[in-house]
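Q: Below you'll find the structure I mean.
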Amino acid sequence: MACFRMSRLHRLHLPFEISYCEWGKENMKKVAYLTTGLLAGALIASVAFARSSGVIFFQDATKLAPQMYKVVLDNSHVRVIDYHIKPGEKEPMHSHPCGVVVYYFTDSNMRGSSPGGGVNESHNHAGDVVWRDPVTHFTENIGKSEVHALLVEPKDGCKRP
């Protein structure tokens, strides 16, 4: 096998040179694996830090579950969504980054869960109007009938991701 010099290291003007024959194929593989491992570890650590610091990536429910969420108005001030969820159905994890006003057309019995593991139940009646602060969550219809609501997501004064 022919020997050659590590020309890339030579271009860096390092005070030493390494030849392939001196270092060997096994050591080169080890360096490649080590570099790949370090990059993967840095990526995993970054995602873990973002999650632990409360930074959650915005997830649009209308794209994740279009069978439940239908946008009926979207302008520079608000987004209005017609929402339906059948008994026993669960939504995917999604976000309301600017909060949301919910008007219930029907009674609702829901269980919500957050990425941090928090769980809460809400019970609303037809005609109720509630404000929910910015949240990332998923909910499940734990009632015996379909829930129908109108969601109004404000855009003014909110820094959306």
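The values are calculated or read from the model by the stated rules, or taken from the named source; none is laboratory data. In this text the structure is predicted, and so the values were computed from the model without any measurement. Every residue, glycine among them, receives a Cβ derived from its backbone with ideal geometry; neighbour counts consider all protein chains shown. Surface areas here come from the heavy atoms of the whole protein model, side chains and all, with no ligands, DNA or RNA. Shrake-Rupley method; radii C 1.70, N 1.55, O 1.52, S 1.80 Å.
Q: Determine the order of 121, 140, 146 by accessible area, beginning with the largest, at a probe radius of 1.4 Å.
A: 121, 146, 140
Q: Just to verify a number: what accessible area does residue 135 come out at with the full protein assembly present, 1.4 Å probe, Å² rounded to tens?
A: Here the accessible area works out near 50 Å².
Q: I would also like to ask the following. Along the Cα→Cβ direction, 7 angstrom out, place labels at residue 77 and residue 114. What is the inter-label distance in nm?
A: Result for the modelled spin labels: 3.1 nm.
Q: So if each residue of separation counts as 0.36 nm, and I subtract the Cα-Cα distance between residue 158 and residue 63, what length gain in nm does that give?
A: Working: separation 95, 0.36 × 95 = 34.20 nm, distance 2.04 nm.
Answer, rounded to one decimal: 32.2 nm.
Q: Of all chymotrypsin sites (Phe, Trp or Tyr not before Pro) in the range 50-154, which ones are in loop regions per DSSP and have a Cβ with at most 12 other Cβ atoms within 10 Å?
A: Details: sites: 57, 58, 69, 83, 103, 104, 105, 131, 138; in loops: 57, 58, 105.
Counting only loop positions with at most 12 other Cβ atoms within 10 Å, the chymotrypsin sites (Phe, Trp or Tyr not before Pro) in the range 50-154 are 57, 58.
Q: Keeping all protein chains in place and using 1.4 angstrom, which order do 63, 70 fall into by accessible surface area, from largest down? If you can, show how the numbers build up before the last one.
A: Working: 63 155, 70 130 Å².
Order by accessible area, largest first: 63, 70.
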